[in-house]
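Have a look at the structure below before the remarks.
The values are calculated or read from the model by the stated rules, or taken from the named source; none is laboratory data. Note that the coordinates shown come from a computational prediction; the quantities given were computed from them, not determined experimentally. When we count neighbours, we look across all protein chains shown, and the Cβ atoms used for this are built from the backbone with ideal geometry, even at glycine. Accessible surface areas use protein heavy atoms only, side chains included; no ligands, DNA or RNA. Shrake-Rupley method; radii C 1.70, N 1.55, O 1.52, S 1.80 Å.
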Amino acid sequence: MSDDYLVRIGKLIRDARQHRGWTQSQLAEALATSQSAVNRIERGNQNISLEMIARIGEALDSEIVSLGYAGPMHLRVVGGRRLSGSIDVKTSKNACVALLCASLLNKGRTVLRRVARIEEVYRLLEVLNSIGVRTRWINEGTDLEIVPPARLDMNAIDADAARRTRSIIMFLGPLLHRMDRFKLPYAGGCDLGTRTIEPHMIALRRFGLEIAATEGIYHAQVDHSVTPGRPIVLTERGDTVTENALLAAARHDGTTVIRNASSNYMVQDLCFFLEALGIRVDGIGTTTLTVHGVPHIDVDVDYSPSEDPVEAMSLLAAAVVTESELTIRRVPIEFLEIELAVLEEMGVDCDRTTEYAADNGRTRLVDLTVRPSKLEAPIDKIHPMPFPGLNIDNVPFFAAIAASAQGQTLIHDWVYDNRAIYLTDLNRLGGRLQLLDPHRVLVSGPTRWRAAEMMCPPALRPAVVVLLAMMAAEGTSVLRNVYVINRGYEELAERLNSVGAQIEIFRDI
């Protein structure tokens with residue numbers, strides 16, 4: 001490369017690093033190189049390969065630094081290795097995205113601690129930045145500061161980023177109090193079949209919101225004279241539906257009762273955050289929430305979301321299918337108790353520490369140690385239920401666990417149209433899963449996993465389940481195009497490697 005190009009590349013890298021709030025030392029650590037090498041690169045004084053440019057782009061989450069499209073990310077997995085040691089559970093993906101949406105309620109400065117550094121969060125930040133919200137990573141990139149503008153510019157919204165996340169639907173609740181009319185792109189996210197927004201609309205119409213959908217856009221109009229005169233009864237006990245109703249109720253000048261509400265982990269974290277904003281919420285953890293709204297919110301708030309029970313389940317499943325002894329720290333136990341009860345009935349050998357408080361002061365955590373176990377298929381089928389039942393997002397992990405057990409396990413994933421179908425991808429790795437219908441899978445075990453090369457399923461949890469099976473399979477497997485995993489997990493491959501896995505990240509350049 002010419003010296004001129006090296007200087008230009010160096011400036012791009014420096015600008016992207018500073019935008020992310022990193023020091024040269026932090027970038028050097030992410031690249032496993034020295035601070036002096038990063039300094040030379042940024043000054044244009046060091047030759048740099050296309051591979052290094054792609055690695056820098058990946059580390060900084062910057063397509064500019066990658067100098068165009070570097071190709072999708074893939075994983076090369078050397079399986080059959082035992083895990084050991086301990087690993088911490090990261091903060092909740094679903095809580096973090098809800099709190100990013102909730103920051104639109106506040107005219108003051110919001111600081112969220114230990115925010116999950118995942119693609120879903122990055123897409124929401126791109127949307128927030130595009131409409132005028134200032135965000136920056138602080139405290140060496142661990143925490144996120146959010147400062148809203150006096151007026152949001154909804155005409156400038158980054159439609160591409162918005163369409164890549166279903167979480168954009170939770171902008172409806174906060175925005176209906178800020179403007180009379182606005183537009184949002186259709187919500188995207190995982191391919192899990194048809195999911196309408198009608199349950200959201202049934203709740204939000206009670207606050208005067210009406211939506212017309214045309215050509216990939218939701219056209220929203222608000223009649224501010226309409227207020228909920230009686231309790232809002234949600235037609236489904238969904239997490240995002242409950243969150244949207246809470247976000248709408250938060251700035252309603254009066255009392256709103258929400259019935260058939262979800263009491264799941266991300267909903268509770270949102271309620272705790274609303275309390276930090278000065279909003280009283282009665283009934284947290286139950287299916288009836290009473291919100292005492294505040295019409296104007298202008299406070300500086302500092303909040304720590306709790307840990308992610310679904311990530312904890314992922315790590316637990318990794319230990320089980322690789323027959324490893326692993327300690328999983330900071331497990332939000334109240335949101336994993338049913339799963340653990342089922343696993344213990346199947347023969348999983350594990351113990352837990354005494355409970356301690358999460359950084360939000362409210363969620364109960366434990367450290368959980370899992371040991372190699374002889375598993376038997378459960379007598380009853382595995383099926384999800386709203387909290388406090390078995391978590392909907394944890395069902396796919398039981399496919400890999402059941403494949404490691406003696407006998408047959410029926411998994412009934414009744415919530416989503418397509419997800420059970422994706423679980424049959426495990427058959428490519430030696431599994432014996434029979435699809436009975438789009439919602440039911442019969443899993444036979446135990447399984448002798450074998451290596452394979454395959455495309456990543458287009459749904460987050462089944463994709464991780466395939467990765468875990470590859471970790472258990474002797475030989476080298478390749479999982480292609482893992483963007484969907486990065487939507488929900490922060491540096492999953494690197495963290496699994498820290499406890500004994502052998503997973504290489506690569507791209508087709």
Which pairs have Cβ atoms under 8 Å, sit 6 or more apart or on different chains, and link a residue in the range 274-288 that is within 17 Å of PHE335 (Cα to Cα) and assigned to a loop (DSSP other than H, G, I, E, B) to one that is open to solvent by 40 Å² or more (accessible area, probe 1.4 Å) and among the basic types (Lys, Arg)? THR287/ARG237; THR287/ARG259
Counted residues, the range 293-323 - those being in contact with a Gly (Cβ under 9 Å, 6 or more places away or on another chain), aliphatic (A, V, I, L, M) and closer than 18 Å to GLU491 by Cβ: 1
With ARG166, ARG136 as the choices, which residue is surrounded by fewer than 20 Cβ atoms within 10 Å (Cβ to Cβ) and within 14 Å of the chain's Cα centre (by Cα)? ARG166
What about PRO438, is it open to solvent by 20 Å² or more (accessible area, probe 1.4 Å) and either farther than 20 Å from ARG55 by Cα or without any contact (Cβ under 8 Å) to a residue 24 or more places away in the chain (or both)? yes
Just wondering, is there one or more residues in the range 417-433 that are assigned to a strand (DSSP E or B), open to solvent by 50 Å² or more (accessible area, probe 1.4 Å), of a type outside the set (Gly, Ala, Ser) and modelled with pLDDT of 95 or more? yes
Which residue pairs have Cβ atoms closer than 6 Å, lie 6 or more positions apart in sequence or on different chains, and pair a first residue in the range 225-252 that is in a strand (DSSP E or B) with a second residue that is open to solvent by 10 Å² or more (accessible area, probe 1.4 Å)? ILE232/ARG206; VAL233/ARG259; VAL233/ASN260
For the condition within 30 Å of ASP88 (Cβ to Cβ), out of contact with any His (no Cβ under 8 Å at 6 or more places or on another chain) and without any contact (Cβ under 8 Å) to a residue 12 or more places away in the chain, what is the one hit in ASN427, ASN497, ASN486? ASN497
So, in the range 441-461, exactly how many residues are open to solvent by less than 20 Å² (accessible area, probe 1.4 Å) and closer than 10 Å to ARG419 by Cα? 4
In the set LEU27, LEU60, LEU12, which member is modelled with pLDDT of 85 or more and surrounded by 17 or more Cβ atoms within 10 Å (Cβ to Cβ)? LEU27
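With the structure loaded, tell me whether THR327 is crowded, with 16+ Cβ neighbours inside 10 Å, modelled with pLDDT of 95 or more, under 26 Å from the mean Cα position of the chain (by Cα) and farther than 22 Å from PRO384 by Cα or whether it fails that test.
yes
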Identify the single condition in (1) open to solvent by 20 Å² or more (accessible area, probe 1.4 Å); (2) among the hydroxyl-bearing types (Ser, Thr, Tyr); (3) closer than 29 Å to HIS383 by Cβ that THR476 does not satisfy, given that it satisfies every other one. (3)
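Results for (1) modelled with pLDDT under 95; (2) out of contact with any Cys (no Cβ under 6 Å at 6 or more places or on another chain), shown as yes or no for each residue.
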| position | (1), (2) |
| --- | --- |
| HIS439 | yes, yes |
| LEU460 | yes, no |
| VAL464 | no, yes |
| TYR483 | yes, yes |
| ASP508 | yes, yes |
Which of the numbered conditions does LEU75 fail, given that it passes all the others? Conditions: (1) in a loop (DSSP other than H, G, I, E, B); (2) closer than 20 Å to LEU492 by Cβ. (1)
Out of ALA220, ALA245, ALA203, sole residue that is farther than 17 Å from LEU104 by Cα, open to solvent by less than 70 Å² (accessible area, probe 1.4 Å) and in contact with a strand residue (DSSP E or B) (Cβ under 9 Å, 6 or more places away or on another chain): ALA203
When residues of the range 147-169 are filtered for being at pLDDT 90 or above, touching a Lys or Arg at 6+ places or on another chain (Cβ under 7 Å) and hydrophobic (A, V, I, L, M, F, W, C), how many remain? 3
For the subset of the range 30-57 comprising residues that are open to solvent by less than 40 Å² (accessible area, probe 1.4 Å) and assigned to a loop (DSSP other than H, G, I, E, B), which member is farthest from ASN481 (Cα to Cα)? GLY44
The helices (runs of 4 or more DSSP H) lying entirely within the range 297-407 that contain at least 1 residues which are more than 23 Å from ARG82 (Cα to Cα), of a type in the set (Asp, Glu) and out of contact with any His (no Cβ under 7 Å at 6 or more places or on another chain) are 337-346
Over the range 101-126, the set of residues within 21 Å of GLU311 (Cβ to Cβ) and open to solvent by 10 Å² or more (accessible area, probe 1.4 Å) is ARG113, ARG114, ARG117, GLU119, TYR122, ARG123, LEU125
Per the filter on the range 463-483, residues among the β-branched types (Val, Ile, Thr) and either within 30 Å of GLU126 (Cα to Cα) or without any contact (Cβ under 8 Å) to a residue 12 or more places away in the chain (or both) are VAL464, VAL465, VAL466, VAL482
Members of the range 365-381 found to be closer than 22 Å to PRO332 by Cβ and open to solvent by 80 Å² or more (accessible area, probe 1.4 Å), listed by number: none
Filter the range 302-312 down to residues that are buried (at least 18 other Cβ atoms within 10 Å of the Cβ), over 27 Å from CYS350 (Cα atoms) and not small (Gly, Ala, Ser), then give me how many there are. 1
Report the residue count in the range 386-424 for those that are touching a residue at least 60 places away in the same chain (Cβ under 8 Å) and over 21 Å from MET346 (Cα atoms). 6
Within the range 342-398, how many residues turn out to be more than 22 Å from the chain's Cα centre (by Cα) and closer than 22 Å to THR447 by Cα? 22
